[in-house]
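Working notes, beginning with the structure itself.
The values are calculated or read from the model by the stated rules, or taken from the named source; none is laboratory data. Worth saying up front: this structure is predicted, and the values here are computed from it rather than measured. Don't worry about glycine lacking a Cβ; one is built from the backbone with ideal geometry, like all the others, and counts go over all protein chains shown.
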Amino acid sequence: MTTRSEGRRPDDPRSISIETGVAPYAEGSCIIATGQTRVLCTASVVEGVPSWRERSGDGWVTAEYAMLPRATHTRSRRERNGPKGRTQEIQRLIGRSLRSVTDMKGMGQNTVTVDCDVLQADGGTRTASITGACVALALAGEWMLNEGIAVRSPLRERVAAVSVGIVDGVPCLDLDYPEDSSAQVDMNVVGTEGGGLVEVQGTAEGDPFSRAELDALIDLATSGLERLFAAQSRALKGD
């Protein structure tokens, strides 16, 4: 296969950085950069929950996702009349991922909305959004505890996501855009710090892939997730 970005080996992720406190008006915020992909994640806490959830006594966590018009090489139109199919799919994935690790009974009848806005896209925007959204949610949870809004931390454990795929016949971790667009197999894996899997999205772009290849890709993703959890920990500690 051709040389990967940043001179990476097949099992190397892209460089990652997470800067917190970038949106001072939000209860939690960060910018996550994975290679050339950069996403702004902000968590906003508001009193109240959707009407269908009012009698439960529980809180709610949801997410929205958008790509800025010049996040890519050519300008894309703003989705002024509501999110389109791909955008809806991604923001639902982010929301499901966050809710899988959130204790909504301890946050009262409050809603946390995490907005993920892609500033620059080079592959892996949905996975970077999930990883950064978790950091923003953790910070918002700390704020809720400090303000006496939550009786305990809403976040039970952290969640992150990474892409894997088969490129030129080789299993690779953390695909950038050129790799993603030419991969024979493209897969996104969402997992928890405790080793659980939240969602696995895998697609063969040509010939079907084998069970052995699936297992190899999951193992590769697991190693990548461990590095993302370490990056989240450093960011939340202020390192």
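With the condition kept exactly as written, say whether any residue in segment 124-133 is touching a Ser or Thr at 6+ places or on another chain (Cβ under 9 Å) and free of Cβ contacts under 8 Å to residues at least 60 places away in the same chain.
Checked segment 124-133: no residue is touching a Ser or Thr at 6+ places or on another chain (Cβ under 9 Å) and free of Cβ contacts under 8 Å to residues at least 60 places away in the same chain.
A quick yes/no check of all residues on (1) hydroxyl-bearing (S, T, Y); (2) touching a Pro at 6+ places or on another chain (Cβ under 9 Å); (3) under 22 Å from T87 (Cβ atoms):
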site	(1), (2), (3)
I130	no, no, yes
L145	no, yes, no
V151	no, no, no
E157	no, no, no
A160	no, no, yes
D168	no, no, no
L175	no, no, yes
P178	no, no, no
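Just to verify a result, which residue in segment 139-155, among those that are touching a helix residue (DSSP H, G or I) at 6+ places or on another chain (Cβ under 6 Å) and within 19 Å of A235 (Cβ to Cβ), is modelled with the highest pLDDT?
Taking segment 139-155 as the starting set, the residues that turn out to be touching a helix residue (DSSP H, G or I) at 6+ places or on another chain (Cβ under 6 Å) are 150, 153-155.
From the residues that got through so far, the ones that are within 19 Å of A235 (Cβ to Cβ) too are 153-155.
Numbers: S153: 87, P154: 91, L155: 94.
Of everything passing the filter in segment 139-155, L155 is modelled with the highest pLDDT.
When you go through M144, M67 one by one, which is the residue that is surrounded by 18 or more Cβ atoms within 10 Å (Cβ to Cβ) and more than 27 Å from V162 (Cβ to Cβ)? First the steps, then the outcome.
Numbers: M67 fails: more than 27 Å from V162 (Cβ to Cβ).
Criteria check complete, one pass: M144.
Give me the residue from segment 182-214 that is in contact (Cβ under 8 Å) with a residue 12 or more places away in the chain and among the hydroxyl-bearing types (S, T, Y) and, out of that set, surrounded by the most Cβ atoms within 10 Å (Cβ to Cβ).
T192
Tally up the residues in segment 72-104 that are modelled with pLDDT under 95 and either closer than 12 Å to C116 by Cβ or touching a helix residue (DSSP H, G or I) at 6+ places or on another chain (Cβ under 7 Å) (or both), please.
So the count comes out to 3.
Say whether the condition of being within 15 Å of the chain's Cα centre (by Cα) and assigned to a helix (DSSP H, G or I) is met by at least one residue in segment 197-214. Working first, answer last.
The first filter runs over segment 197-214 and keeps only residues within 15 Å of the chain's Cα centre (by Cα), leaving 197-201.
Still in the list and also assigned to a helix (DSSP H, G or I): none.
No - not one qualifying residue is present in segment 197-214.
So R126 fits all but one of (1) surrounded by fewer than 16 Cβ atoms within 10 Å (Cβ to Cβ); (2) among the charged types (D, E, K, R); (3) under 11 Å from the mean Cα position of the chain (by Cα); what number is the exception?
That leaves (1) as the condition not met.
Filtering segment 19-64 down to residues that are among the acidic types (D, E), farther than 29 Å from L173 by Cβ and touching a strand residue (DSSP E or B) at 6+ places or on another chain (Cβ under 7 Å), which residue is surrounded by the most Cβ atoms within 10 Å (Cβ to Cβ)? First the steps, then the outcome.
Going through segment 19-64, the residues among the acidic types (D, E) turn out to be 19, 27, 47, 54, 58, 64.
Applying the additional criterion that residues be farther than 29 Å from L173 by Cβ yields 27, 47, 54, 58.
Going one step further and asking which of them are touching a strand residue (DSSP E or B) at 6+ places or on another chain (Cβ under 7 Å), we end up with 27, 47.
Values: E27: 21, E47: 9.
My answer is E27.
Give segment 215-239 a look and list any residue that's small (G, A, S) and either part of a loop (DSSP other than H, G, I, E, B) or surrounded by 16 or more Cβ atoms within 10 Å (Cβ to Cβ) (or both), or say none. It would help to see each step written out before you state the result.
Looking only at segment 215-239, we keep the residues that are small (G, A, S), and these are 216, 221, 223-224, 230-231, 233, 235, 238.
Within segment 215-239, A221, G224, A231, A235, G238 qualify.
For segment 161-193, which positions are at pLDDT 95 or above, hydroxyl-bearing (S, T, Y) and more than 20 Å from R38 (Cα to Cα)?
Of everything in segment 161-193, just one residue is at pLDDT 95 or above, hydroxyl-bearing (S, T, Y) and more than 20 Å from R38 (Cα to Cα), namely T192.
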